[in-house]
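Worksheet: one structure, shown below.
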Amino acid sequence: MNAKELDFCLLIPCYNNFEGLIESLKSVSYPEDKYLILIIDDGSDELLEEEKIKAHLEERKPIKLLSNKKNNGITKALNQGLSWIEKNTFSKYIARLDCGDICMPDRFITQVQYMDLHPETGLLGSWCRFEEKGTSLKYSYITPTDHKAIIKAMHFRNVFIHPTVMFRVSLLKQVGYYPTGFEYAEDYAFFWKIILVSQSFILDNFLLIYEINREGLSFKNRHRQLTARWKVVKAFSNNRPLKIAAYIKLKLLHIIPKSLALRMKRYAYATFRLYALSFSHLPY
């Protein structure tokens, strides 16, 4: 096999989180000659070194490191990665992972097999478990799985947890990269772009443990993210009843303190097997 003919590239942005990066890399499992891990060091205070990364891993991993001298932000870092993958590899798929998140051993085998068997599917996610280190806070993130239900649910939350996804490289020519006009919700907007032109699916397997980080961008910028989510729905949806319902829900979430919102998520996903507060009675 030509080294550039890959099943997938795994895109990992990193900023000042070497320990989390190593923890995530250790969880990645796939035949070495069939994938590539692309790490974007987005201007960390102490720039990463490829040899130092590999020295902390017990198993060999196919790693490519791109380093930025300054922090450009998550959207630019992700798009830098997409551009590099398009120009330098013959990869069928792109997968995502964030520093600190842990993949189940069968994650990539399961996702590649599904994508190979379902060429109509452009975007694939999975269920995952949320856990906060050092506390008892944990819950399962359960979503709809089929495309029609996914589009409906996407009006109310991003059902694709970013580090669970895999998508087709070929779609980038049609939808472009992560949009720059939706700060704090660039992934939400990107997934909307894909599901409007391609089928999507979410595996009902827990293939990832997502680290709850109260210092992360999503948690610290919750209200800005909620505003950005409405901007995304407004831009991409043509379903008026669902848009109105989404607007009402997001307004209510602005009022709820973020600590309470986190507890509500925990109990909502434990109680409802499908999607909590999704206004499922509304027509699509």
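Every read-out reported here was derived from the displayed coordinates using simple, explicitly stated rules and does not represent laboratory data. Just so it is clear, the structure is predicted and the values come from calculations on it, not from any experiment. In this analysis, Cβ positions are derived from the backbone assuming ideal geometry, glycine residues included, and neighbour counts consider all displayed protein chains.
With runs of 4+ DSSP H residues as the only contributors, calculate the mean residue ellipticity of the chain at 222 nm using -39,500 (n - 2.57) per run, divided by the residue total and rounded to the nearest 500.
One gets -11500 deg cm²/dmol as the mean residue ellipticity at 222 nm.
From the residues 57, 255, 139, which one has its Cα farthest along the dipole of the chain in the positive direction, the dipole being from +1 and -1 charges on Cβ of Lys/Arg and Asp/Glu about the Cα centre?
255
If contacts are Cα pairs under 8 angstrom and at least 6 residues apart, what is the relative contact order of segment 1-100 in percent?
45 percent
Find how much the distance from residue 133 to residue 244 grows on full extension, using 0.36 nm per residue of separation minus their present alpha carbon separation; answer in nm with one decimal.
36.3 nm
Which of rounded, prolate, oblate describes segment 52-202, given a ≥ b ≥ c as roots of the alpha-carbon gyration tensor eigenvalues and a/c under 1.5 marking rounded, otherwise prolate only if a/b is larger than b/c?
Rounded shape, in that the Cα axes give a/c under 1.5.
Among 82, 154, 97, which residue has its Cα furthest toward the positive end of the charge dipole of segment 60-171, with +1 on Lys/Arg Cβ and -1 on Asp/Glu Cβ?
The listed residue farthest towards the positive side: 82.
Quick check on segment 91-145: take the gyration tensor over C-alpha atoms, sort the square-rooted eigenvalues as a ≥ b ≥ c, and tell me if it's rounded (a/c under 1.5), prolate or oblate.
Prolate shape, in that a/c is at least 1.5 and a/b is the bigger ratio.
Which one of 36, 137, 171 has the biggest mean-square fluctuation once the chain is modelled by GNM with Cα springs under 10 Å?
Its mean-square fluctuation being the largest, the pick is 137.
Please list, or write none, the lysines whose alpha carbon is within less than 25 Å of the alpha carbon of residue 69, excluding same-chain residues fewer than 8 places away.
Cross-link targets: 52, 54, 61, 87, 220.
Hey, which of these cross-link pairs are over 19 Å Cα-Cα: 152/249; 34/64; 173/243; 231/251; 92/231; 76/148?
Beyond 19 Å: 173/243; 92/231; 76/148.
Return the distance in nm (one decimal) between the two label points of a simple spin-label model at residue 223 and residue 23, each offset 7 Å from Cα along Cα→Cβ.
The two pseudo-label positions are separated by 3.0 nm.
Counting only DSSP beta bridges with both residues in the chain, what percent are antiparallel, rounded to the nearest 5?
Rounded to the nearest five, the antiparallel share is 30 percent.
I'd like the projected area of the chain, averaged over all directions, using the convex hull of its alpha carbons. Report it in nm² with one decimal.
So the mean shadow area of the Cα hull is 14.5 nm².
Could you compute the FRET efficiency for residue 5 and residue 87, with r as their C-beta to C-beta distance and R0 at 22 Å, rounded to 0.05?
Step by step, r from the Cβ atoms, then E = 0.90.
For segment 1-100, what class follows from the C-alpha gyration tensor (a ≥ b ≥ c being the square roots of its eigenvalues): rounded when a/c is under 1.5, otherwise prolate if a/b is larger than b/c, else oblate?
Oblate, because a/c is 1.5 or more while a/b does not exceed b/c.
Mind ranking 152-159, 190-197, 173-180 by how tightly packed they are, going by the mean number of other C-beta atoms within 10 angstrom, highest first?
Packing order, densest peptide first, comes out as 152-159, 190-197, 173-180.
Rg to Rh ratio, segment 160-243, alpha-carbon atoms and Kirkwood radius?
0.97
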